[in-house]
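Okay, structure first, notes after.
What follows is calculated from the coordinates using simple rules that are stated; it is not laboratory data. This structure is a prediction, so every number in the text was calculated from the model and none was measured.
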Amino acid sequence: LYLESSMRKALENQEFYLQYQPKVDIQSGKIIGAEALLRWQHPEKGLISPAEFIPVAEETGLILQIDAWVLETACAQAKEWQDSGIAPFRIAVNVTAREFTNSLPMRIKEALQRYQISPQWLELEITESMLMHSTQSVIAIMEQITAQNVILALDDFGTGYSSLSYLKRFPIDTLKIDRSFILNIPTDQNDCAIASAIIMMAKQLKHKVIAEGVETREQLAFLINAGCDEVQGYLYSRPVSPQQLIALLDKNF
Ligand code: G
Ligand code: G
Ligand code: NA
Ligand code: MN
């Protein structure tokens with residue numbers, strides 16, 4: 001209850017901000033995108049992790065306003081970068097199941113128009129657990145989003161309960177392998193097998209595949225060999241401020 005009322009205040013008082021974590025093309029070593037991650041600087045309690053407040057926000061429904069703020073802020077940031085002459089790159093925002101309603105495609109369209117951003121530079125990360133509520137209407141909403149040329153990624157892949165048969169029905173572009181499968185590569189043979197299998201399956205289904213939580217050179221070597229397309233993790237960068245992200249753009253990893 002305390003968290004709920006202080007989250008409402010936080011929205012009004014602009015205590016939320018976004019950090020950006022680079023996504024790197026595994027072949028070129030170039031940054032090709034960034035995931036926007038929400039942060040809450042509470043005036044007394046300091047930095048509160050989204051792992052702590054997102055679940056509460058989901059229960060109370062406040063997540064709708066928070067995620068709307070995230071979309072708006074990420075688009076405004078993209079516009080600012082665009083206006084300052086920075087070559088565009090993909091910005092990914094996380095979307096929760098609760099937000100996945102009939103109004104989402106139009107809200108996205110309006111945000112892109114308002115900030116004059118080409119849809120190909122926006123990516124939505126949806127968690128696999130969302131597909132549990134998978135109905136024809138969820139697929140229809142996804143199709144309206146991809147019809148706009150916005151990119152859809154399936155986040156935390158491998159941890160949810162979704163059946164593999166969903167994979168061919170959902171109009172997604174990218175599979176994001178959950179970091180729990182990456183953590184113990186290359187020592188854990190089961191994790192190696194699972195990561196390789198997800199990469200192979202993604203390719204067969206003509207999806208791109210990204211590994212999150214990449215922290216070591218050994219993990220990277222394994223993922224290169226397995227044919228993974230993109231990587232994200234502390235090996236490259238922690239989530240950073242917009243200014244720090246721009247400073248990383250020219251880097252060759
Ligand atoms: O960045 P960090 O590892 O602290 O994030 C913890 C969790 O919070 C992750 O599961 C992440 O997906 C989630 N999260 C971070 N930012 C957002 C956001 O803007 N919206 C939603 N719905 N979840 C987010
Ligand atoms: O659920 P989601 O995949 O959106 O979670 C993203 C979270 O993962 C972010 O909060 C980010 O801080 C965290 N994260 C990003 N890279 C790494 C990493 O290399 N190792 C670990 N342990 N966490 C990471
Ligand atoms: Na994510
Ligand atoms: Mn994830």
key: region 36-65-region 214-252 distance, computed between alpha-carbon centres (Å)   = 26 Å
query = What shape does region 102-246 have by the C-alpha gyration tensor, where a ≥ b ≥ c are the square roots of the eigenvalues, rounded means a/c under 1.5, and otherwise prolate means a/b greater than b/c and oblate the rest?
reply = oblate
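Give the shape of region 136-195 as rounded, prolate or oblate, defined through the alpha-carbon gyration tensor: a ≥ b ≥ c are the square roots of its eigenvalues, a/c under 1.5 means rounded, and otherwise the shape is prolate if a/b is larger than b/c and oblate if not. Could you put the intermediate results ahead of the total?
Details: a/c = 3.62, a/b = 2.32, b/c = 1.56.
It is prolate, given that a/c is not under 1.5 and a/b is the larger ratio.
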inquiry  = Largest first, please: the extent of the C-alpha atoms of region 1-140 along each principal axis, to the nearest Å.
reply    = 46, 41, 31
key: Gaussian network model of the chain, springs between alpha carbon atoms under 10 Å - residue of ILE172, ILE54, ILE26 with greatest fluctuation   = ILE54
request  = Count the lysine pairs in the chain whose Cα atoms lie under 23 Å apart, taking only pairs 8 or more positions apart in sequence or on different chains.
outcome  = 23
request  = Please report the orientation-averaged projected area of region 2-248, defined via the convex hull of its C-alpha atoms, in nm².
outcome  = 13.5 nm²
